[in-house]
């Protein structure tokens with residue numbers, strides 16, 4: 001199949017990969033690697049293996065993007081189902097390759113050439129797969145897709161109008177309290193209506209993951225989940241200590257910010273339909289729709305650096321962004337990478353709120369990073385592990401501050417405040433999601449009702465300042481069921497919290513010396529996944545977010561700035 005490396009996304013060729021043919025080529029390359037007489041021959045075989053794996057990944061990602069853009073598209077829905085069934089078998093390829101890497105007589109020379117991270121990751125990865133779990137992996141993929149399709153097809157009626165889970169959001173942020181109550185109630189009514197189905201999907205996923213963990217020799221899914229996240233330099237104990245510090249230092253600040261919000265908007269108590277409404281005259285709102293925001297982003301990235309300006313134009317010219325919310329489109333936002341075309345792709349759901357700017361700049365950070373490290377070898381190094389990857393995206397939100405006046409006009413100051421405030425208030429929620437996952441997978445036998453009760457207890461510790469009792473679904477502890485990561489990416493969510501502490505540091509450094517901060521950021525992007533999380537943090541000149549005292553110090557400085565803006 002011919003690949004045009006400059007093609008626009010609509011012209012990307014999709015063809016279901018012939019996995020039997022790919023596996024034959026892979027096995028031949030692996031045999032050459034194992035028989036390689038010297039490191040150069042081994043490296044050449046590794047490049048061939050990368051090319052085969054990258055081609056399969058390319059076709060999967062083209063399919064996934066087109067499925068996400070329209071979950072009703074019958075062709076790509078069927079193709080996505082096919083990948084869900086077939087891709088787990090390719091885990092055996094990777095496991096065999098990683099075992100060969102670890103056992104290679106040329107390992108020392110290859111480590112000197114590529115660095116140790118490939119081998120550390122390989123040692124961890126082979127503990128996450130055996131052929132016996134292929135059917136369970138297929139079922140796991142199917143469950144995640146079922147949840148995505150269910151949410152993507154949501155139809156929410158409010159006052160005679162129909163919304164999806166993305167387009168309902170602006171209605172939850174209007175100044176009229178009763179109007180936002182109606183919108184928010186309608187959204188959570190949809191979850192209540194589909195609660196049994198959602199809880200059934202999650203229950204199957206939890207039990208599947210626990211079964212796979214036991215098959216692989218783990219007590220439960222927690223350790224397997226960490227290994228699947230490729231966490232080579234920290235474990236659950238470090239994360240628990242991070243959550244402890246959030247409870248100690250961030251939760252009181254979040255409570256004070258919530259009280260300030262309550263007083264600002266003039267309500268007796270913050271109800272579930274008040275949480276997203278931050279200012280009495282309305283939340284900061286972008287000055288225009290997609291075209292206006294793209295023009296403002298182009299101006300921002302032209303001014304930020306030569307490389308970001310050129311890269312943004314590449315995204316535009318090759319149509320590598322789908323930004324607006326529409327019927328049938330999967331909710332949320334992401335960035336992925338189409339290997340053979342050397343093309344990052346940004347997916348989001350603009351809905352006329354400040355989140356449009358957040359997600360555009362956030363996903364641009366991911367895209368800029370993977371494009372900066374696209375030529376690194378092996379292919380594992382194109383992306384860092386998820387925890388480090390979120391540093392690039394969340395820090396880019398802060399580097400984008402010079403563009404805020406063009407994005408928001410007279411609402412710029414409100415945006416600066418709400419962005420910082422939301423970042424602080426996100427940390428308790430993110431940690432609540434993470435602690436919930438640990439509890440769930442430590443006790444996989446819990447019933448759905450017990451999981452909901454567990455969420456209520458955890459939320460009371462991290463978010464005591466919000467009253468969810470006004471809606472039956474939320475009152476029984478169902479809020480977690482709206483969090484996609486719990487279904488498709490277990491143990492991912494804490495990565496946003498770790499990265500947020502790092503992003504705050506980039507913001508503070510940038511205010512003191514932009515040139516130095518930007519140089520550190522670009523160096524981090526170019527390193528891709530060639531190091532583990534903590535070494536990348538050190539490379540970027542950042543403090544370790546796990547260390548006692550770091551969070552407390554940063555929280556104090558952010559609070560000072562919020563007081564100034566307030």
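The values are calculated or read from the model by the stated rules, or taken from the named source; none is laboratory data. In this text, all values refer to a predicted model and were calculated from it rather than measured experimentally. All Cβ positions, glycine included, derive from the backbone under ideal geometry; neighbour counts span all protein chains shown.
Structural remarks
So that you can scan it fast, the table gives a plain yes or no per residue for (1) touching a strand residue (DSSP E or B) at 6+ places or on another chain (Cβ under 9 Å); (2) under 24 Å from residue 231 (Cα atoms):
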site	(1), (2)
123	no, yes
128	no, yes
137	no, yes
146	no, no
153	no, no
166	yes, no
169	yes, no
195	no, no
210	no, yes
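- Residue, nearest to residue 85 (Cα to Cα), within the stretch 1-58, restricted to residues that are in contact with a strand residue (DSSP E or B) (Cβ under 9 Å, 6 or more places away or on another chain) and part of a helix (DSSP H, G or I): 57
- Residue match in the stretch 401-414 (condition: outside any helix (DSSP H, G or I), surrounded by 20 or more Cβ atoms within 10 Å (Cβ to Cβ) and either assigned by TED's automatic domain parsing to the domain that holds residue 290 or touching a strand residue (DSSP E or B) at 6+ places or on another chain (Cβ under 8 Å) (or both)): no
- Residue in the stretch 15-29 that is buried (at least 18 other Cβ atoms within 10 Å of the Cβ) and more than 24 Å from residue 343 (Cα to Cα) present: yes
- Number of the exception - residue 207 against (1) over 30 Å from residue 152 (Cβ atoms); (2) surrounded by fewer than 17 Cβ atoms within 10 Å (Cβ to Cβ): (1)
- Every residue from the stretch 448-475 that is assigned to a loop (DSSP other than H, G, I, E, B), surrounded by fewer than 17 Cβ atoms within 10 Å (Cβ to Cβ), touching a residue at least 24 places away in the same chain (Cβ under 8 Å) and touching a helix residue (DSSP H, G or I) at 6+ places or on another chain (Cβ under 8 Å): 464
- Filter result for residue 150 (under 21 Å from the mean Cα position of the chain (by Cα), within 18 Å of residue 484 (Cβ to Cβ) and buried (at least 19 other Cβ atoms within 10 Å of the Cβ)): no
- Some residue of the stretch 520-532 being within 22 Å of residue 437 (Cβ to Cβ) and either free of Cβ contacts under 8 Å to residues at least 24 places away in the same chain or out of contact with any helix residue (DSSP H, G or I) (no Cβ under 7 Å at 6 or more places or on another chain) (or both): no
- Members of the stretch 340-349 found to be surrounded by fewer than 22 Cβ atoms within 10 Å (Cβ to Cβ) and either assigned by TED's automatic domain parsing to the domain that holds residue 504 or touching a helix residue (DSSP H, G or I) at 6+ places or on another chain (Cβ under 7 Å) (or both), listed by number: 340, 346, 347
- Test: residue in the stretch 491-507 that is over 24 Å from residue 538 (Cα atoms) and within 24 Å of the chain's Cα centre (by Cα): no
- Residue 542 vs. criteria in contact with a helix residue (DSSP H, G or I) (Cβ under 7 Å, 6 or more places away or on another chain), crowded, with 23+ Cβ neighbours inside 10 Å and over 23 Å from residue 251 (Cβ atoms): no
- Checking 336, 361 one by one, the residue that is in contact (Cβ under 8 Å) with a residue 40 or more places away in the chain, buried (at least 23 other Cβ atoms within 10 Å of the Cβ) and either on the phi > 0 side of the Ramachandran plot or under 17 Å from the mean Cα position of the chain (by Cα) (or both) is 361 and no other.
- Test for residue 144: is it surrounded by 20 or more Cβ atoms within 10 Å (Cβ to Cβ), under 28 Å from residue 533 (Cα atoms) and in contact with a helix residue (DSSP H, G or I) (Cβ under 7 Å, 6 or more places away or on another chain): no
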